[in-house]
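**Student:** Could you have a look at this structure, given as structure tokens, before my questions?
The numbers here are math on the coordinates, done by the rules we state, and not lab data. Worth saying up front: this structure is predicted, and the values here are computed from it rather than measured. Here Cβ is always computed from backbone atoms with ideal geometry, including for glycine, and neighbour counts include all displayed protein chains.
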Amino acid sequence: MSRLSEAELEKMIKVLEGIVSKEYVSTNLFERIKNTLDVYPYEVQREQICYAVVMPGSTQEISEIVKYANSIKVPVFIRGSGTHLGGNYRPHVPGIVINTHRLDKLEVFEDYGYFECEPGCIVAKVADRLAELGYFLPMAPGSRQIATMGGMIVNNTSGHIVDPSIGKPGDYLLGLEVVLPDGEIIETGTKGLRRPAGTDLTKLFLGGDGLLGVITKIRMRLVPQPERAYGLAVFKDLISLARGVQRMYLERRPAPLFMEFLDDRAASFGFGLRGLEPPGGPVIMFVSIGSSEREAVDKAEKILESLRAEGTIDAYMVHDLDVWEKIWTSREVIGSNLMQQSGAQLSSAEVSSNLKDLVDCMQDCINFNKGLPLLSKLDLYLFGHIGALTLHPAVLIPREWDDEQKRKAVDEKFKREAELNLKYGTCGGEWGQFGKRKDFFVKRYGERSYEIVKGLKKMMDPNNILNPGILEGYR
Amino acid sequence: MREDQFVDELKEMIVDIARRCRNCNYCYSVCPLFESTRGFQVQGPSGILQAIRYGIRWGELEGEEKEILRDILYACTTCYSCVLKCKSSGPGVPLLDGIEGGRKLLVELMIGPMPEQIKVLESLEQNGNPYDEPPSKRLDWLRDLENERSLSYKLLGKGAEVLLYVGCTPSYNEGIKDVARAVVKLLEEVGADYGILKEEKCCGSPARRMGEEGLFEDLSTENLEAFKQSGVRKIITISPHCYNTFVNEYPEAIKGFEIQHYTEFFADAIERGSLVPKLRIEKKVTYHDPCYLGKRNGVYDAPRKILMSIPGVQLVEMKRNRDNSLCCGGGGGRMWIEVEEVKRLSESRVEEAMAVGAEVIATACPWCHIQLEDAVKTTGNEGKIEVKEVAELLASSL
């Protein structure tokens, strides 16, 4: 696909304006730049800036845009808030960016037992609305105040939630409306409460990494808001912390909704920021759920038993909600404060351990940046959703580094992450595949598996119109 | 040569600030500009900052894009929500330093400010106020009050303990003159030894917000000199914008004065017992936190203390209050330009007030006052809800 000429560009803009109306098409250079940026710290290049940003207001408009894009062989990139951490959102060739901002309708059908929403709905707004009605949204990304439902479904990520407790968002997904890469609109799934048995095309798009279709409507089952109980455990070191988590599973304790860990340094720092005494060692903080408070408390106590058996310095239920608020939010303020103190940008990897090798994996993460030319120069912080066996080794990339160094640093990070996920036979459980992780996919699952995905892509998107570059991999 | 250096250093500063932004876009969740417009990314904090960054990096300050960049930079109300959000959840990028720095750069390169703001700056320079009003009429509001009753202020010159720095809007805007008069009545009641400058000039905040740094320096230097000459110990302002610029932006020497917003001064007086609100005001009142008083300077409690001390007042909070209060849309030079809004900010705010059953929206900023009063009319809520300054409510309770 070569660059559009001035005349072709002008024609394209007119057509787009005809579809969504002039006020929702922007060819403003700066709008185009911002819609081409993601969270990675190196700059974009002129050649990759999109031709135009459009904000459709309906499925029909998206369908027409995609059909048209196919006819002129111009790529289409779908953007919610552009907060994807795996590098899936940074167009590398110019195209049309469809920003889903206007698609923010949410309807709750209590009598059906489900809600339907458009992909541009912000996660926090959906969660808050559901909470008002006594329901629970089974998604908790750290970026909830800005992340969109479309992106969440495209990744099938629960964010920080421990999958073994309530599963992934996909387990609650009843059906989708999708615009295919050729512009056709299809519906998948069911309006019942039972997800389809057998072939269900929902699966092509749920966790689809944006390859095979544009999600235009999401139907999810309503889940009653559970009761919660909170616990904290302080360990002597990260190895016994890891053993504590293993024991929790092996002793068949009910998996918690959230289980976070912080290394000693991060914990001291974070707790201090929230006005709490430094815990004196790495910590686990967790939330158990139940249909009654007693059930939640019971589950939390069982977990504490397992954790204590690995020699905790301290392990207890937290009953004071104000204190819990401080503990829980200490995680959030760590990242921002580290960045503020140093003026650098936090960049973390997503390492997935298996249960058996959790201790080894923890050790590998403690040594994550060893031997890496650029990353070894930086301090390493370690935290993550340990209950889900997800670890986030994180570094602060100095802003003085030039673009090439920043790019190399990010590459080193993904490469080391890939080594570890390969070693443990796992794969990312939070951020999706391909993009910056395409090399991993091929190494992990083999060329044949990659060919299968390519084959699907080719069949459904013969002109490679939809989000090209994700499958090929980005640098 | 020095000019080029100024421009280069400014560009470097802006790009350096923008490099700290990681495009997490959390700032969009609190930006009033983004909320009230169509949803384009250049109408949000990170988008504006990245626009000026790439504008500098890609040399777009000479070409056709420069006016688009100007429009992007000047649409921001400078409410500070993004700065607070980034500080609490992100890398702590001083976004407004970047955005206002961008305005300084554009003015230096003669691309900014917005065309409608040029006459405002000219008026500031020639008349010492942004409203094209003659300096000779600046104290008319006071003369009108003197015709009604005797006052004990001193016209400075020299020799009072407290300076009431009136500000341009309360001096010249008919509706806000009542606020100035209410503040004077309160000062009389407290028995303060107060003075008013004989020839007050604009604090300079509008110049700073519009990026006209030279004019800001001139005004701030002149004002500081006048403050020194006056011999006062303390300065009270009516507008949070004047307050903010004195406290945060004036030269170091300003630290020799104690600066208070009038709400802080009178909250203290009430606590000491030198001001006792007596007459009942049986109203459900909600307080709208002005961005420049609240978010920018952390003054949230003093106005509320005053309102709660007035017998009969039932204080209710809007859904968004204190540090997540919704901007009225008047700051950052926006009083003088039109930004196309899908949903006017001030109207959204009036609706929020109606939603909690308020009969009065109390505020402590002349521009919030004007914006909200306008919105009460345009939403067809005249007669159902009214806008009152905290000073007006307090004065009418004496």
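**Student:** Rank A:Phe440, A:Val214, A:Asn337 by how far each Cα sits towards the positive end of the charge dipole of chain A (+1 on Lys, Arg Cβ; -1 on Asp, Glu Cβ) and give me just the farthest.
**Tutor:** So the residue we want is A:Phe440.
**Student:** When you look at the Cβ of every residue in B:69-76, what mean number of other chain Cβ atoms sits within 10 Å?
**Tutor:** Mean partner shielding for this stretch: 1.
**Student:** Next up: Evaluate the relative contact order of chain B (contact order divided by residue number), counting alpha-carbon pairs under 8 angstrom at least 6 apart; express in whole percent.
**Tutor:** 16 percent
**Student:** Classify the range B:117-269: rounded, prolate or oblate, from the alpha-carbon gyration tensor (a ≥ b ≥ c, eigenvalue square roots; a/c under 1.5 rounded; otherwise prolate if a/b is larger than b/c)?
**Tutor:** Note, shape of the range B:117-269 comes out oblate.
**Student:** For A:Glu293 and B:Glu199, what is the calculated FRET efficiency with R₀ set at 51 Å and r taken between the beta-carbons, to the nearest 0.05?
**Tutor:** With R0 = 51 Å, the Cβ-Cβ based efficiency is 0.15.
**Student:** Based only on the alpha carbon positions, what is the Kirkwood hydrodynamic radius of the range B:221-319, in angstrom?
**Tutor:** Answer for the range B:221-319: a Kirkwood hydrodynamic radius of 15.0 Å.
**Student:** Would you pull out the residues with amide H under 5 Å of A:Gln345's amide H, same chain only if 5 or more places away, H placed 1.01 Å from N?
**Tutor:** A:Ile397, A:Arg399
**Student:** Tell me, what are the semi-axes, in whole angstrom and largest first, of the equivalent ellipsoid of chain B as set by the roots of 5 times the Cα gyration tensor eigenvalues?
**Tutor:** Largest first, chain B gives 35, 26, 18 Å.
**Student:** Calculate how many DSSP beta bridges within the range A:39-144 are antiparallel, expressed in % of all such bridges and rounded to the nearest 5.
**Tutor:** Taking every DSSP beta bridge within the range A:39-144, about 35 percent pair in antiparallel fashion.
**Student:** Over all alpha-carbon pairs in the range A:1-71, figure out the percentage whose distance exceeds 17 Å.
**Tutor:** Taking all Cα-Cα pairs of the range A:1-71, the fraction more than 17 Å apart is 48 percent.
**Student:** Could you identify which residue out of B:Gln50, B:Gln117, B:Gln126 has the top mean-square fluctuation in a GNM of chain B using Cα springs shorter than 10 Å?
**Tutor:** B:Gln126
**Student:** Under a GNM of chain B (C-alpha, springs under 10 Å), which listed residue has the highest mean-square fluctuation: B:Leu139, B:Leu109, B:Leu156?
**Tutor:** In the Gaussian network model the winner is B:Leu109.
**Student:** Determine the shielding of peptide A:78-87 by partner chains: average, over its residues, the number of Cβ atoms on other chains within 10 angstrom of each Cβ.
**Tutor:** Taking all residues of A:78-87 together, the mean is 2.
**Student:** What is the antiparallel percent of DSSP beta bridges lying wholly in the protein assembly as shown, to the nearest 5?
**Tutor:** Around 60 percent of the beta bridges assigned by DSSP in the protein assembly as shown are antiparallel ones.
**Student:** Counting other Cβ atoms within 10 Å, which GluC sites (Glu not before Pro) in the range A:154-243 have at most 16 and lie in a DSSP loop?
**Tutor:** Counting only loop positions with at most 16 other Cβ atoms within 10 Å, the GluC sites (Glu not before Pro) in the range A:154-243 are A:Glu184.
**Student:** Roughly how many debye, to the nearest 20, is the charge dipole of chain A about its Cα centre, given +1 on each Lys and Arg Cβ, -1 on each Asp and Glu Cβ, and no other charges?
**Tutor:** 920 debye
**Student:** Now for a different question. Please report A:Tyr112, B:Tyr194, B:Tyr262 as a ranked list, fewest other C-beta atoms within 10 angstrom at the top and most at the bottom.
**Tutor:** The order, fewest Cβ neighbours first, is A:Tyr112, B:Tyr194, B:Tyr262.
**Student:** Given the range B:2-112, what whole percent of its Cα pairs are spread farther than 22 Å?
**Tutor:** Tail of P(r) above 22 Å: 25 percent of Cα pairs.
**Student:** A follow-up question, please. With point charges of +1 on the Cβ of Lys and Arg and -1 on the Cβ of Asp and Glu, referenced to the Cα centre of chain B, which listed residue (B:Pro311, B:Gly159, B:Ser136) lies farthest in the positive direction of the dipole?
**Tutor:** B:Pro311
**Student:** What are the extents of the Cα atoms of chain A along their three principal axes, listed from largest to smallest and rounded to whole Å?
**Tutor:** Here the Cα extents, ordered largest to smallest, are 70, 57, 44 Å.
**Student:** Here's another thing I want to ask about it. Residue by residue through A:32-42, how many Cβ atoms from other chains fall within 10 Å of the Cβ on average?
**Tutor:** Mean number of neighbouring Cβ atoms from other chains: 5.
**Student:** Give me the dipole magnitude in Debye, nearest 20, for the range A:106-221 about the Cα centre, with unit charges on the beta carbon: positive for Lys and Arg, negative for Asp and Glu.
**Tutor:** 300 debye
**Student:** Please give the FRET efficiency for A:Arg448 paired with A:Lys203, using the beta carbon to beta carbon distance and R0 = 25 Å, rounded to the nearest 0.05.
**Tutor:** 0.80
**Student:** Between B:Lys284 and A:Glu325, how high is the FRET efficiency from 1/(1 + (r/R0)^6) when r is the Cβ-Cβ distance and R₀ = 30 Å? Nearest 0.05.
**Tutor:** With a Förster radius of 30 Å, E is 0.45.
**Student:** Kirkwood Rh over alpha-carbon pairs of the protein assembly as shown, then Stokes-Einstein at 37 °C and 0.692 mPa s: what D in µm² s⁻¹, rounded to an integer?
**Tutor:** Using the Kirkwood radius from Cα pairs, D works out to 111 µm²/s.
**Student:** With Cβ to Cβ distances under 12 Å as the rule, what net charge do the other residues near B:Asp374 carry (K, R +1; D, E -1)?
**Tutor:** Once all neighbours under 12 Å are counted, the net charge is 0.
**Student:** Amide H to amide H, which residues 5 or more places from A:Arg90 or on other chains are under 5 Å from it, using H placed in the peptide plane?
**Tutor:** The list, which skips near neighbours in sequence, is empty: none.
**Student:** Another question, then. Can you give the translational diffusion coefficient of the range B:1-43 in µm²/s, computed by Stokes-Einstein from the Kirkwood radius over Cα pairs at 4 °C and 1.567 mPa s?
**Tutor:** Calculated translational D: 103 µm²/s.
**Student:** What's the ranking of A:368-381, B:86-99 by average number of surrounding C-beta atoms within 10 Å, highest first?
**Tutor:** The most tightly packed comes first, giving B:86-99, A:368-381.
**Student:** A further question follows. Please state the charge dipole magnitude for the range B:2-112, taken about the Cα centre, from unit charges on C-beta atoms (+1 on K and R, -1 on D and E), reported in debye and rounded to the nearest 20.
**Tutor:** That gives a dipole near 580 debye.
**Student:** Report Rg/Rh for the range B:275-395, rounded to two decimals, where Rg is the Cα radius of gyration and Rh the Kirkwood radius.
**Tutor:** 0.95
**Student:** Pick out, in residue order, every one of the GluC sites (Glu not before Pro) in the range A:94-128 that is DSSP loop and has at most 11 other C-beta atoms within 10 Å; say none if there are none.
**Tutor:** Taking the range A:94-128 and a limit of 11 other Cβ atoms within 10 Å, the loop GluC sites (Glu not before Pro) found are A:Glu110.
**Student:** Next question, about the same structure. Would you compute, from DSSP H runs of 4+ residues alone, the mean residue ellipticity of chain A at 222 nm, taking -39500 (n - 2.57) per run and dividing by the full residue count, rounded to the nearest 500?
**Tutor:** That comes out to -11500 deg cm²/dmol.
**Student:** Need one number: nm distance between label points at A:Asp402 and A:Asn367, each 7 Å from Cα along Cα→Cβ, rounded to one decimal.
**Tutor:** 3.4 nm
**Student:** Ranked highest first by the average count of other Cβ atoms within 10 Å around their residues, in what order do A:129-141, B:227-239 fall?
**Tutor:** B:227-239, A:129-141
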